[in-house]
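Input: a single structure, listed below in structure tokens.
The values are calculated or read from the model by the stated rules, or taken from the named source; none is laboratory data. Note that the coordinates shown come from a computational prediction; the quantities given were computed from them, not determined experimentally. Cβ: placed from backbone, ideal geometry, glycine included. Neighbour counts: every protein chain shown. SASA here: full protein model, heavy atoms, side chains in, ligands and nucleic acids out. Shrake-Rupley method; radii C 1.70, N 1.55, O 1.52, S 1.80 Å.
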Amino acid sequence: MNELSNNKNKLSEKIIYWLIVILPFSLISGPFLSDLSISIITLLFIYISFKNKYYYFYNNKYSKIFGFFFLILLITSFLSIDTFISLKKTLFYFRFWIFALAVWYIFSFKKEKLCNHLILTFSLAFIFLIVDGYIQFFLKENIFGWPMYGTRLSSLFGDELILGSYLSRMLPIFFALLIYINFNKKIYHYLIFFIIFVGVETLIFLSGERVAFFYVNASTLMLILTMRNFKLFRISTFIVSILIIFALVNIYPDSSKRIVDKTVKQLGFDNEKIINDKELTQNKKINSKKFIFSLEHQNHYISSIRMFKDNVVSGIGPRMFRFICGEEKYYLWEGCSTHPHNSYVQLLAETGLIGFMFGLTIFIIIFYNVIKHFVLKFRRKKFIYTDFQLCLLSAILISIWPFVPTGDLFNNWLSIIYFFPVGFYLSSVYSKIKL
């Protein structure tokens, strides 16, 4: 019976292991396979952890913090304007945290093997996207015949314009794994990864995703300023990427239209903006008016603030913005969407003050500790975090950065990416725990 139980454990571990390894490809395939993978990982890890009484995965400060957040989501769902619809999204939200715990568990005893396999899948995924993305850029369609969307690249993501989002969020995790195996010991490894980094960074620019371009530059700057080693690699890839981007912009001026020209227009820095005001059914000029990211984003935020004022403590309920933004007292021109396009504004509107303060507190704590690390590094040559941890923290920080437009906080695909680096970080924090 014990042998049978051990075989079940090993089989479960193998399934979890390989589902983690292929996750870079699952995320490219779309939300179905990636979410299915996470659900399987969650069920198998719950079985393993309770079967073997690995309760410390749940009895630690990080799990307790998430547990508190999960409780907030459930309470605000029960108090929402439509409990059933809201609970459909939040009731099983815990699976993303269990997924992070499963990554911690597998990484804790298969570090080198998991790193090497993930580096291989990341490299293959990145190389394929780089080649396919550049084919789409130069030939106006990718290898499957999928066209560009105006000046934007989507590569294997089709009509989902998230190529830049995927690359910018996954690159710091990839870098963390490379650092863990000390990749620069062999010159050909160094050159291969140098080419991948440059290809990814330039492709993010060509994708036309402005937030993704901000993410990759912000994480790069943070790592250059805070890391002990590997700074030369990151500085050199960054400089080469910028030079290639400048060359592409000069040769293909259209490549900068969305990143630069449209940003300037949406912020309201052009002389005038023509708005089709649906309420007045006539064109209306607004001269030299400035907006928060764009008029559309600003109206999302104003609608969200109105919802918050009516539901200060618990909000309207997770995922409820899309259902009531069209109501007369909340509606603004182009202000209605599936979500408010900023995670903290979404927390404010959908979970009220309790959810918003929780999210903001998490961000402040992480940001404060990174700044503290930076100050101690330059003043006392002391390091709070390892380079491996800093890469993971940069991946987490860009996902929870407050001052940019974001996707839906409760989107399954994004949630997987949010929690993926958390598992590796937890493993590094609790590295002394013996299984």
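Taking Cβ-Cβ under 4.7 Å as the only way to count a partner, pick out the unpartnered cysteines of the chain.
Cys115, Cys391
Return, for the Cα atoms of segment 340-394, the radius of gyration and Dmax in Å, separated by a comma.
Rg then Dmax for segment 340-394, in Å: 14.9, 43.
Give me the percent of accessible area attributable to carbon and sulfur for the chain, probe 1.4 angstrom.
Of the solvent-accessible surface of the chain, carbon and sulfur hold 66 percent.
What percent do you get for the relative contact order of segment 174-248 when only Cα pairs under 8 Å and 6+ apart count?
35
Ignoring ligands, DNA and RNA, how do Arg210, Arg169, Arg152 rank by accessible area with a 1.4 Å probe, largest first?
In descending accessible area the options line up as Arg210, Arg152, Arg169.
I'd like the distance between the alpha-carbon centres of segment 78-157 and segment 287-360, rounded to an integer number of Å.
If we compute the Cα centre of each part, the gap is 26 Å.
For Thr121, what accessible area in Å² do you get when you roll a 1.4 Å probe over the heavy atoms of the protein chains, rounding to the nearest 10?
Counting only protein heavy atoms, the figure is 20 Å².
Tell me the relative contact order for the chain as a rounded percent, counting alpha carbon contacts under 8 Å between residues six or more apart.
Dividing the mean separation by the residue count of the chain yields 20 percent.
Regarding the chain, what are the three Cα extents along the principal axes, ordered largest first, in Å?
Here the spans come out as 75, 55, 52 Å, largest first.
Could you pull the accessible area for Lys61 with a 1.4 Å probe, rounded to 10 Å²?
The accessible area comes out at roughly 120 Å².
How much net charge surrounds Asp310 when only the other residues with a Cβ under 11 Å from the Cβ of Asp310 are counted, with Lys and Arg +1 and Asp and Glu -1?
Its environment carries a net charge of +2.
Return the sequence-ordered ³J(HN,Hα) values of segment 113-122 in whole Hz as given by the Karplus equation 6.51 cos²θ - 1.76 cosθ + 1.60 applied to θ = phi - 60°, using x for Gly and Pro.
5, 5, 4, 5, 5, 5, 4, 5, 5, 4
State, in angstrom, two size descriptors of segment 129-184 derived from its alpha carbons: Rg to one decimal place and Dmax to the nearest whole number.
Answer for segment 129-184, Rg first and Dmax second: 13.8, 41 Å.
From the protein chains alone at 1.4 Å, what is the descending order of accessible area for Ser431, Ser39, largest first?
Of Ser431, Ser39, the descending order of accessible area is Ser431, Ser39.
Per residue, what accessible area does the chain have, given a 1.4 Å probe and all protein chains present, in Å²?
Ligands and nucleic acids excluded, the figure is 47 Å² per residue.
When the dipole is taken about the Cα centre of the chain, and only Lys, Arg (+1) and Asp, Glu (-1) are charged at their Cβ, what size is it in debye, to the nearest 20?
1840
Which order do Thr237, Thr151 take when ranked by solvent-accessible area (1.4 Å probe, heavy atoms of all protein chains), largest first?
Solvent-accessible surface, decreasing: Thr151, Thr237.
What is the sum of charges around Tyr17, taking Lys and Arg as +1, Asp and Glu as -1, for the other residues whose C-beta is under 14 Å from the C-beta of Tyr17?
Taking every other residue near Tyr17 into account, the sum is +3.
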